[in-house]
Amino acid sequence: MSEKVWIAGGGVISGIGLNLRECLQAFREMKPGMGAMKYLSSVHRNTFPVAEVKADNDMLADMAGLPENISRTALLSLIAAREAWQSSGLDDISRYRVGLVSGNTVGGMDKTEDFFAEYLADNRKGRLHQVMHHECGSITEIVADALGIRHHVSTISTACSSGANALMYGYRLIRNNIVDVVIAGGTDALTRFTLNGFNTLMILDQQPCRPFDETRTGLNLGEGAGYVVLVSDSLAAQLQPWCRLSGFANANDAYHQTASSPDGTGNYLAMKGALDMSGLQPQQIGYINLHGTGTGNNDVSEGIAINRIFAPHFPAMSSTKSFTGHTLGASGGIEAVLSAVSVKEGIIYPNARFEHQMKELPFTPATAWSEGNDLRHVMSNSFGFGGNCSSLVFSSF
C-alpha cells in the first residue's frame, strides 16, 4: 500500500486558455473568459455571457486527434488529460498500471441536441451516430481508448463535485495497489440543456459574475476540462512531483436538490473532514480555491462554513470561476490543477470584479495575482447540487 499519493502533473483547457500555461497567463493579466456565445447555438445567445473554450469543434478535433463528430465533452477531456500526462515526466503509458477516473455531467448531450433538432422536424432525418455517445460513461471510454488506458476506467457524475470526487476515487485506487497511476479530473462542454436548466433556476447572471460580492446576482456557465496525474510513493520517488493530495472529504447535507443549506452544514463537514484527514489545523491552510459560483445561496453558505472553521485567522481565498465560469463536472478537476500549481508556485489567484464586501461575512477574497507565496497547504472546494460537497487539500510534503 502506498503511504502517500502525489500529484505528478496536470492539464487544463478552459475559457481562458487552451492549455495550463495560457490559463495561468490569463490570471496574471486579469483576462476572464466570459463573453457572448460563439460556438453554442442558443436562443439566449445575446442574453447570458458564457466562458466558452475559444475553439470550434474542428480545431479541438485537430488538437485531440479525434474525428470532428465526437462530442465536444470528449475532445476537451482528451486534450487536458494528454497535457496532464505529458507534464508528469512519465513516459510510455503502456509501461504502467494506469487508471482513468473522469467526472462529467452532460456526456455527449451536445451531439444529441444536434440530432434531435433534425429528427423532430422530420423523423426520417437525423444521424444516429450523434447519439451513440450520449451517456456520461461513453465520454470517459473514448478518452481511455485514445490514451491506451486499460487497467481501470470509471466515470463519476455528482454534479459540480464530480471532478473533485474523481481525485478521491483515484487516490483510493493507488492506496489499495489497484493501479500505480491515475489520471483524475473532469470535463464538460456547454449544452443548451445546461443553459436552459440554469436559466430555469434563475441563477444565471446577465453580466460577468461577481463571486463573493454583495451585488452578485448569479453565475456564468463555462466549459473545459482539467486533470491531474496521481502517482504512488514509489513512482513519485523517480519524478519531481508538484505536491501531494494530503486530505479530502465528501459530505452531503441533503438539504435541497439545487441549494446548499443556509448554515453551510455540508460545506463545513467537507472542509473539516479534509483537514482531519490531512492532520492539519485550519491556520496551516495558506489559500482556499473557493467553490464561489456567484449565486446568493452558494456564497453565503460557503462563507458561513469558512467563518465557522477559520475565524479569526482567514487564509487568502478566491474564486477562479470569476475567470473560467462554472464548468460544472469539470470544475473540481480544473480547480484541482490550479490548486496543485498554487502549492508548487506559491500562487494566489485573483477574484475578478470583487468590489463590495458581503454583509454576512467578515472576510474578503483576494483581488490581485501573486506568486512566490509560502503556501504549504491549499484547499479546494467543490460543492454540487443535491448537497454533494467535497473538499481537497494539497500539500507540499
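Taking the criterion of being assigned by TED's automatic domain parsing to the domain that holds Gly137 and under 30 Å from Asn176 (Cα atoms), would at least one residue in the range 54-67 satisfy it? Within the range 54-67 (the criterion being assigned by TED's automatic domain parsing to the domain that holds Gly137 and under 30 Å from Asn176 (Cα atoms)), the answer is no, since none of the residues qualifies.
Any idea which residue in the range 177-196 is farthest from His151 (Cα to Cα), counting only those that are out of contact with any Gly (no Cβ under 8 Å at 6 or more places or on another chain) and open to solvent by 30 Å² or more (accessible area, probe 1.4 Å)?
Only one residue tops the list, namely Asn196.
Of all residues in the range 198-229, those that are open to solvent by 40 Å² or more (accessible area, probe 1.4 Å), closer than 30 Å to Thr140 by Cα and of a type outside the set (A, V, I, L, M) total 2. Residue selection: Arg72 fails the criterion of being over 19 Å from the mean Cα position of the chain (by Cα) and either more than 26 Å from Ala146 (Cα to Cα) or basic (Lys, Arg) (or both). Identification of helices (runs of 4 or more DSSP H) wholly contained in the range 38-153 with 2 or more residues that are in contact with a Ser or Thr (Cβ under 6 Å, 6 or more places away or on another chain) yields 72-87, 109-121, 136-147. Within the set Arg82, Arg45, Arg72, the sole residue that is basic (Lys, Arg) and either in the same structural domain as Glu335 (by TED's automatic domain parsing) or out of contact with any helix residue (DSSP H, G or I) (no Cβ under 9 Å at 6 or more places or on another chain) (or both) turns out to be Arg45. Elements of the type strands (runs of 3 or more DSSP E) sitting completely within the range 303-397 and holding at least 2 residues that are open to solvent by less than 30 Å² (accessible area, probe 1.4 Å) and touching a residue at least 60 places away in the same chain (Cβ under 8 Å): these cover 377-383, 388-395.
Restricting attention to the range 132-151, the residues being open to solvent by 20 Å² or more (accessible area, probe 1.4 Å) and either closer than 30 Å to Arg175 by Cβ or within 25 Å of the chain's Cα centre (by Cα) (or both) number 12.
Among residues of the range 63-87 that are in contact (Cβ under 8 Å) with a residue 12 or more places away in the chain and under 17 Å from Glu335 (Cα atoms), those with a beta-carbon under 6 Å from a residue that is of a type outside the set (Lys, Arg) and in a helix (DSSP H, G or I) at least six positions away or on a different chain give the pairs Ser77/Val143; Ile79/Met63; Ile79/Ala64; Ala81/Val143.
Residues of the range 80-104 that are within 21 Å of Leu66 (Cβ to Cβ) and either open to solvent by 20 Å² or more (accessible area, probe 1.4 Å) or charged (D, E, K, R) (or both): Arg82, Glu83, Trp85, Gln86, Ser87, Asp92, Ile93, Ser94. Check Ala249, Ala254, Ala237 and return the single one that is small (Gly, Ala, Ser), without any contact (Cβ under 8 Å) to a residue 60 or more places away in the chain and open to solvent by 10 Å² or more (accessible area, probe 1.4 Å). None of the others qualify; the one that does is Ala237.
Does Ile174 count as among the β-branched types (Val, Ile, Thr) and open to solvent by 10 Å² or more (accessible area, probe 1.4 Å)? Answer is no for this residue.
Here is a yes/no grid of residues against (1) in the same structural domain as Arg72 (by TED's automatic domain parsing); (2) at pLDDT below 95:
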| residue | (1), (2) |
| --- | --- |
| Asp188 | yes, no |
| Thr191 | yes, no |
| Asn199 | yes, no |
| Gly224 | yes, no |
| Leu230 | yes, no |
| His256 | no, yes |
| Ala270 | no, no |
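If Gly107 passes every condition in (1) at negative phi; (2) open to solvent by less than 20 Å² (accessible area, probe 1.4 Å); (3) modelled with pLDDT of 95 or more but one, which one does it miss? If we test Gly107 against (1) at negative phi; (2) open to solvent by less than 20 Å² (accessible area, probe 1.4 Å); (3) modelled with pLDDT of 95 or more, just (1) comes out false.
The values are calculated or read from the model by the stated rules, or taken from the named source; none is laboratory data. For clarity, every value in this text was computed on a predicted model and none was experimentally measured. Cβ sites come from the backbone with ideal geometry, for glycine too, and all protein chains shown count toward neighbours. For the accessible areas, the whole protein counts, side chains as well, though only heavy atoms, and no ligand, DNA or RNA atoms are used. Shrake-Rupley method; radii C 1.70, N 1.55, O 1.52, S 1.80 Å.
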